[in-house]
Amino acid sequence: MKAITKEVYFKWYEDMQFWRKFEDRLAAVYIQQKVRGFLHLYNGQEAVLAGALHAMDLSKDKMITAYRNHVQPIGMGVDPRKVMAELYGKVTGTSKGMGGSMHIFSKEHGFYGGHGIVGAQIPVGAGMAFADQYFETGGVTLTYFGDGAARQGSLHETFNMAMTWKLPVVFICENNGYAMGTSVERTANHTDIWKLGLGYEMPCGPVDGMNPVKVAEAMHEAIERARRGDGPTFLEMKTYRYRGHSMSDAQLYRSKDEVEEYKKIDPIVQVLEIIKANGYATDAEIEAIDERVKNLVDECERFAEESPYPEVQQLYDVVYEEPNYPFIPHKI
């Protein structure tokens, strides 16, 4: 695995801090009704993404996930201003304002969504891995889903097929404990979701999803296994979300004390403590990073605010073009 150096800790801190503040700003503008529809925030789960990115080869590896999908494309290289604009429904967004919160997408950067149907991305991720295997690209697909989606029948069909064909895919369950609002303890007679892989003899195991180092180590092993042609791995990232399932979640299923307890192992705080303990940066240097993060978030909001909404004609430009029906001219 690539060494975890001082520079890596700096990058992790700045990236995770930016992702957190970016979504905090989204929460604020959502309350102002500048962002509409659903909004599922990633606060608390950032280490899962930071560790994975350290282990990936972004020149050929891909990622697919559910609807908690704003910061992943940013980590993969998508312009954060375009992500913010997409949430605003502006024409400068990643899907020209037509996708919105749950459907961020960038083929250019290997990020294949944002999927609003629970568990829908699991077989799609395996299909992407099949394409990489067929065309011998050497790429690996990281397929993410939540603890609620682990109960979908499509997961079992996909696991069986992925093992039979030894597909280059890593399945990752981001277990934040509550799915939409029902605890893992109430949805199954077991709480170790990773053990679902045992029925298919798939390498599997739990990972501390609040620690980017632990995530990076587990992801490196799984990705390299897939790249060698040895097939998939199933990892259960034990993580936690500090906000509700979505902005409309009253969070009646857990106490404020529980949330505060998990904030003691906040991944951003953990990384910052390592930076300070090792003397990697002064307080002034940390403040400079925080200021840089704030300025970039401000820039993203300003870009989204000032961007125009799509023209009505775009509704016709983005539908499937039929050569035998030439009555609607297409521009895209």
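The values are calculated or read from the model by the stated rules, or taken from the named source; none is laboratory data. Remember, predicted model here, so these are calculated numbers, not experimental data. Here the Cβ is made from the backbone with ideal geometry for all residues, glycine too, and neighbour counts use every protein chain on show. Side chains included, ligands, DNA and RNA excluded: accessible areas come from the protein's heavy atoms. Shrake-Rupley method; radii C 1.70, N 1.55, O 1.52, S 1.80 Å.
Out of curiosity, is GLU224 at negative phi and open to solvent by less than 70 Å² (accessible area, probe 1.4 Å)?
Here the answer is yes, as GLU224 does meet what is asked.
Pull up segment 90-119, narrow it to residues that are in contact with a Gly (Cβ under 7 Å, 6 or more places away or on another chain) and open to solvent by 30 Å² or more (accessible area, probe 1.4 Å), then point me to the one that is farthest from MET247 (Cα to Cα).
Residue satisfying both the conditions and the ranking: HIS109.
Looking at (1) closer than 30 Å to LYS96 by Cβ; (2) in contact with a Leu (Cβ under 8 Å, 6 or more places away or on another chain); (3) not basic (Lys, Arg), which one does ILE286 not meet, given that it meets all the others?
ILE286 satisfies every listed condition except (1).
Please verify whether segment 256-266 includes one or more residues that are closer than 24 Å to HIS156 by Cα and touching a residue at least 12 places away in the same chain (Cβ under 8 Å).
So far as segment 256-266 goes, no, none of its residues is closer than 24 Å to HIS156 by Cα and touching a residue at least 12 places away in the same chain (Cβ under 8 Å).
If I ask for residues that are of a type in the set (Val, Ile, Thr) and open to solvent by less than 10 Å² (accessible area, probe 1.4 Å), which ones from segment 18-42 would you list?
Once the filter is applied, which keeps residues that are of a type in the set (Val, Ile, Thr) and open to solvent by less than 10 Å² (accessible area, probe 1.4 Å), segment 18-42 yields VAL29, VAL35.
Checking the conditions here, which among VAL169, VAL184 is among the hydrophobic types (A, V, I, L, M, F, W, C), farther than 29 Å from ILE31 by Cα, modelled with pLDDT under 95 and open to solvent by less than 30 Å² (accessible area, probe 1.4 Å)?
Among VAL169, VAL184, only VAL184 is among the hydrophobic types (A, V, I, L, M, F, W, C), farther than 29 Å from ILE31 by Cα, modelled with pLDDT under 95 and open to solvent by less than 30 Å² (accessible area, probe 1.4 Å).
Here are TYR242, TYR253: which of them is open to solvent by 40 Å² or more (accessible area, probe 1.4 Å) and either part of a helix (DSSP H, G or I) or in contact (Cβ under 8 Å) with a residue 12 or more places away in the chain (or both)?
TYR253
Could you tell me how many of the residues in segment 215-239 are assigned to a helix (DSSP H, G or I) and farther than 14 Å from GLN45 by Cβ?
Final tally of qualifying residues: 12.
Does segment 194-208 contain any residue that is β-branched (Val, Ile, Thr) and within 22 Å of the chain's Cα centre (by Cα)?
yes
Cβ-Cβ distance below 7 Å, separation of 6 or more or different chains: which pairs start in segment 211-234 with a residue that is farther than 30 Å from ILE274 by Cα and end on one that is open to solvent by 20 Å² or more (accessible area, probe 1.4 Å) and not in a helix (DSSP H, G or I)?
Note: pairs meeting the criteria are ARG227/GLY138; GLY229/LYS166; ASP230/LYS166; GLY231/LYS166.
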